[in-house]
1. What Kirkwood Rh does the stretch 105-158 have if only Cα atoms enter the pairwise 1/r average? Answer in Å.
2. Work out how much length residue 76 to residue 150 would gain on full extension: take 0.36 nm times their residue separation and subtract the Cα-Cα distance, in nm to one decimal.
3. Going by C-beta contacts inside 10 Å, put 85, 44, 129, 173 in order with the fewest on the left.
4. What are the principal axis extents of the Cα atoms in the stretch 154-219, in Å, biggest first?
5. Given a Förster distance of 41 Å, report the FRET efficiency between residue 42 and residue 202 from their Cβ-Cβ distance, rounded to the nearest 0.05.
6. Using a 7 Å offset from Cα along Cα-Cβ at residue 210, what residues in the stretch 169-185 end up with backbone N under 20 Å from the label point?
7. Let a ≥ b ≥ c be the square roots of the eigenvalues of the Cα gyration tensor of the stretch 76-219; is it rounded (a/c under 1.5), or, if not, prolate (a/b larger than b/c) or oblate?
8. Mind checking Rg over Rh on the stretch 54-119, alpha carbons, Kirkwood formula for Rh?
Amino acid sequence: MVHKPSALPSILVLMGSLFSPGCGGSKEAGTESAAKTESAPDTFRVNFETSKGDVVVEVTKAWAPEGAERLYLLVKRGFYDECRFFRVLPNFVVQFGINGDPAVSSRWRAAAIADDPVKQSNQRGTVTFATSGPNTRTTQVFINLAENVRLDSMGFAPIGQVISGMEVVDRFFSAYGEGPPRGAGPNQQLIETQGNAYLERNFPRLDYIKKARILPATE
């Protein structure tokens, strides 16, 4: 992500793990073909019921169509349920999207989507898919905690924004810090191979998503 130059390399590495699995409880295999079975509406809202309270994200498909479709699919399948916010860096980002079940993670590792052009800036509160390079987005997502405009030129395309609950996001546990090799926080590779068992054993204070759901248009 951005915020400071030293943080940029780590965000890219972090994106690398992103394109592996996701974070949730879906038992269905995640594939690109499956993603085409139901199209996302032009705009939709997702309620993330978290350990600190509810966070509502409004997704605008025109901002980043491929990313919006992928998030819609993942939420519909319950993919983010029980997902940990494993990378919380104050004044930078909150990142999540590695599945708590290693078997689910492995099924999504190769299910990358094409890049979207960057149409919106990575302002505070915007929600963006992580990436490890061109056309590598899969399941990992981050919420910008600051005005991370440097990410715009790096190809990070916001898909939506937090419209309710940003104060909840600001309270997510952050003391574990950055993961390897820059810090002693959660290791993304170990999350992918060991899932929530690894996080619960070594980083029990991480906040998490209890349940994510698409809100009815009238809600």
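Since every read-out is calculated from the coordinates, none of them should be taken as a lab result. On a predicted model such as this, the values are computed, not experimentally measured, just so you know. Every residue, glycine among them, receives a Cβ derived from its backbone with ideal geometry; neighbour counts consider all protein chains shown.
1. Details: mean 1/r = 0.0872 Å⁻¹.
Value: 11.5 Å, from the Cα pair sum.
2. Working: separation 74, 0.36 × 74 = 26.64 nm, distance 3.14 nm.
Difference between extended and current length: 23.5 nm.
3. On the way: 85 25, 44 20, 129 28, 173 16.
Placing the least packed residue first, the sequence is 173, 44, 85, 129.
4. The Cα atoms of the stretch 154-219 stretch 43, 31, 24 Å along their principal axes.
5. Values: r = 42 Å, r/R0 = 1.01.
Taking R0 as 41 Å, the efficiency between residue 42 and residue 202 is 0.50.
6. 169-174
7. Values: a/c = 1.25, a/b = 1.22, b/c = 1.02.
It comes out rounded by the Cα gyration axes.
8. Working: Rg = 13.2 Å, Rh = 13.6 Å.
Result for the stretch 54-119 is an Rg/Rh of 0.97.
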